[in-house]
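Asker: Just dropping this structure here.
The values are calculated or read from the model by the stated rules, or taken from the named source; none is laboratory data. What you are looking at is a predicted structure, and each value in this text was computed from that prediction instead of being measured. Heads up, the Cβs are rebuilt from the backbone with ideal geometry, glycines too, and the neighbour counts pull from every protein chain shown.
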Amino acid sequence: MEITELNHVALFVSSVETSTHFYAKVLGLPLLHRPAFDFPGAWLKIGSQQELHLIGERLNQPFTDENRGGHFAMRVSDLAEAAKLLKAGGIPFRSARRPDGAQQIFFLDPDGHQLEFFVGP
């Protein structure tokens, strides 16, 4: 398995509108198309390849497997190989699929920070 890029960082925000204005208008990050998730948010481009994913309505909730928590995502060359690597290391993970078809694996680092491996769009 090869990690090909740091793709995005996801942040919980209290107001998607306020945060989008800050990152897009004040800092000048271009807005990106965002899949039709069932929660509010916005995606912005950082540099040539990386993204910032703003996630609304979750700031005051405890982080759970279902709400994805704040995390960063790494695109991998082969998700099945990534799953094998995690299984071999005894690292529990859960699989998911984004509305745009990307396949994901979420897991925790030793300090409980949520990480994502994914393949797809």
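Asker: Of all residues in segment 103-116, how many are in contact with a helix residue (DSSP H, G or I) (Cβ under 7 Å, 6 or more places away or on another chain) and either assigned to a loop (DSSP other than H, G, I, E, B) or modelled with pLDDT under 90 (or both)?
Answerer: 1
Asker: For residues that are in a strand (DSSP E or B) and buried (at least 16 other Cβ atoms within 10 Å of the Cβ), scanning just segment 75-102, find the one that is modelled with the lowest pLDDT.
Answerer: Narrowing segment 75-102 to residues in a strand (DSSP E or B): 75-76, 93-97.
Restricting the remaining residues to those that are buried (at least 16 other Cβ atoms within 10 Å of the Cβ) gives 75-76, 93.
Values: Arg75: 86, Val76: 89, Phe93: 94.
Step by step, filter segment 75-102, then rank; the result is Arg75.
Asker: Something else now. Identify, please: which residue in segment 2-14 is assigned to a loop (DSSP other than H, G, I, E, B) and either modelled with pLDDT under 85 or under 9 Å from the mean Cα position of the chain (by Cα) (or both) and is, among those, farthest from Leu115 (Cα to Cα)?
Answerer: The initial filter retains those residues of segment 2-14 that are assigned to a loop (DSSP other than H, G, I, E, B), namely 2, 13-14.
Checking which are either modelled with pLDDT under 85 or under 9 Å from the mean Cα position of the chain (by Cα) (or both) leaves us with 13-14.
Details: Val13: 18, Ser14: 22 Å.
So, considering only residues that are assigned to a loop (DSSP other than H, G, I, E, B) and either modelled with pLDDT under 85 or under 9 Å from the mean Cα position of the chain (by Cα) (or both), the one farthest from Leu115 (Cα to Cα) is Ser14.
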